[in-house]
1. Which number in (1) more than 24 Å from residue 264 (Cβ to Cβ); (2) out of contact with any helix residue (DSSP H, G or I) (no Cβ under 8 Å at 6 or more places or on another chain); (3) away from the ligand (no atom under 15 Å from the Cβ) marks the one condition that residue 8 misses?
2. Restricting the search to the range 44-56, which residues are in a loop (DSSP other than H, G, I, E, B) and within 7 Å of the ligand (Cβ to nearest atom)?
3. Can you say whether residue 77 is over 16 Å from residue 168 (Cβ atoms), surrounded by fewer than 18 Cβ atoms within 10 Å (Cβ to Cβ) and in contact (Cβ under 8 Å) with a residue 12 or more places away in the chain, as far as the supplied structure shows?
4. Of the numbered conditions (1) within 16 Å of the ligand (Cβ to nearest atom); (2) touching a strand residue (DSSP E or B) at 6+ places or on another chain (Cβ under 6 Å); (3) outside any loop (DSSP other than H, G, I, E, B), residue 171 fails exactly one; give the number of that condition.
5. Scan the range 226-252 for residues that are farther than 21 Å from residue 293 by Cα, in contact with a helix residue (DSSP H, G or I) (Cβ under 9 Å, 6 or more places away or on another chain) and within 16 Å of the ligand (Cβ to nearest atom) and report the count.
6. Check 390, 419 and return the single one that is surrounded by fewer than 23 Cβ atoms within 10 Å (Cβ to Cβ), more than 16 Å from the ligand (Cβ to nearest atom) and either assigned to a loop (DSSP other than H, G, I, E, B) or at pLDDT 95 or above (or both).
7. Checking residue 64 against (1) within 27 Å of residue 179 (Cβ to Cβ); (2) buried (at least 21 other Cβ atoms within 10 Å of the Cβ); (3) within 12 Å of the ligand (Cβ to nearest atom), which test does it fail?
8. Would the range 153-167 turn up any residue that is more than 18 Å from residue 348 (Cα to Cα), touching a helix residue (DSSP H, G or I) at 6+ places or on another chain (Cβ under 6 Å), assigned by TED's automatic domain parsing to the domain that holds residue 244 and in a helix (DSSP H, G or I)?
Ligand SMILES: Cc1cc2nc3c(=O)[nH]c(=O)nc-3n(C[C@H](O)[C@H](O)[C@H](O)COP(=O)(O)OP(=O)(O)OC[C@H]3O[C@@H](n4cnc5c(N)ncnc54)[C@H](O)[C@@H]3O)c2cc1C
């Protein structure tokens, strides 16, 4: 079994260059689907654009997605109707349809070979008690003007099917878009951004050890590495999911997602089935290694064979279920919290930021305003603090089956790998000082509060931390 994402894309080895520019009009931080699409939308804007990614383009969360492009997203429409009202639910629907149109038009116009394919989408439940959720989602979709049809299958209790939904290869898409940018936009890979300093009418961005002056800064790095402005850790939580994939014969191809508490989501890619399941809040079920094992067991139970690929991924969810997209300070923009639907929301976020940077009105800027306040967001943000606290306490008492030593009041964990090499790190995440949890399955140190991940030697894999684990012995 391969413990890595199913998506592979041959990337040429890059000569590591450091940023030459001293200033730019727009500085884009992060080249996942959001950052690269933002660069695309701005490419004819006559603005000087620079994009820096701490790794390779497309190799963040976008590389471990299941890449279903859909406006059916679990029971999102009834959630938004409940959290806000019918109009917000409808606006969200419209924005998702617009994002699908935008994405497919770009693929078409630029002739991007990313295996984009129209595939029907099924929303289903396997639980009697959730039939009502399917009916409610169907009713809302009909009010929006869709015509969902009943989907029958002996393994489910209730289901509906819609069309105009797609699947693609996310890395082929991102790299295809990158090629359309030509040389007009400077892209720097392996370039970590560590700070954004506000000056009078510009920002100083610290990237790859240099300071670059920028008029506009777009934070498209998934989880921002700063707390202020935006206060994103308080407005959001992180959801982790496990994807298992293996060979599977199917007569009619479709994608699926359920409305039940335990996620089940399916898509096909060539002769593979990708099964996404066992979702949980990062702050709960912190036995990350065990969760992996459980997801593989579930895959075996459903498909009577062990998976060929097994990988996990995490995405950000806002406490009121709407993405956070737009300005968080003068000329400082952010796009995040796609609640595991970033193929549409990443493109949408990029288009909103591009319009705002160009001073154009966008129909969705009010809907997604990251500075919004509402009662649902406020209450859930408050409750979210207890989830962080719970994770903090659980991880302090979790012994990880490792040896520990305390030197000058600092506790270090000692991990012995399969070759009997010892790896020692301190247990504190540099981001907001949460205790780290050992993820046996991937041999990583994971922060149960905000999702930063580190290697067994403390090197940074994934932010929001912008540093390696400090005080290594
Ligand atoms: C299991 C799973 C399945 C999913 N399936 C689907 C699906 O079927 N359909 C769908 O629509 N969505 C899906 N999603 C959601 C989707 O994958 C994400 O929402 C989306 O990929 C996020 O894109 P992004 O551009 O915001 O982030 P990323 O792809 O993570 O891009 C951010 C980039 O910023 C870089 N970066 C980070 N910090 C810094 C820094 N300090 N300096 C410089 N660069 C930095 C990173 O290296 C990275 O390349 C899924 C999510 C999960 C967890």
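1. Failing condition for residue 8: (2).
2. If we filter the range 44-56 for residues that are in a loop (DSSP other than H, G, I, E, B), which is where we start, we get 44-48, 53-56.
Those that are in a loop (DSSP other than H, G, I, E, B) and within 7 Å of the ligand (Cβ to nearest atom): 53, 54, 55.
3. On the way: over 16 Å from residue 168 (Cβ atoms): yes; surrounded by fewer than 18 Cβ atoms within 10 Å (Cβ to Cβ): no; in contact (Cβ under 8 Å) with a residue 12 or more places away in the chain: yes.
So residue 77 does not fit the description; no.
4. (2)
5. So in the range 226-252, the residues farther than 21 Å from residue 293 by Cα come out as 226-237, 249-252.
From what's left, in contact with a helix residue (DSSP H, G or I) (Cβ under 9 Å, 6 or more places away or on another chain): 226-227, 231, 233-237.
If we keep only those that are within 16 Å of the ligand (Cβ to nearest atom) too, we end up with 226-227, 233, 235-237.
Adding up the residues that qualify gives 6.
6. Working: 390 fails: either assigned to a loop (DSSP other than H, G, I, E, B) or at pLDDT 95 or above (or both).
None of the others qualify; the one that does is 419.
7. Of everything listed in (1) within 27 Å of residue 179 (Cβ to Cβ); (2) buried (at least 21 other Cβ atoms within 10 Å of the Cβ); (3) within 12 Å of the ligand (Cβ to nearest atom), residue 64 misses just condition (2).
8. First, pick out the residues of the range 153-167 that are more than 18 Å from residue 348 (Cα to Cα): 153-163.
Within this subset, residues satisfying the condition of being touching a helix residue (DSSP H, G or I) at 6+ places or on another chain (Cβ under 6 Å) are 157-158, 160.
From what is left, the residues that are assigned by TED's automatic domain parsing to the domain that holds residue 244 are 157-158, 160.
Cutting the leftovers down to in a helix (DSSP H, G or I) gives us none.
Within the range 153-167, not a single residue is more than 18 Å from residue 348 (Cα to Cα), touching a helix residue (DSSP H, G or I) at 6+ places or on another chain (Cβ under 6 Å), assigned by TED's automatic domain parsing to the domain that holds residue 244 and in a helix (DSSP H, G or I).
The values are calculated or read from the model by the stated rules, or taken from the named source; none is laboratory data. These figures come from a predicted structure and were not determined experimentally. Neighbour counts run over all protein chains shown; Cβ positions are idealised from the backbone, glycine included.
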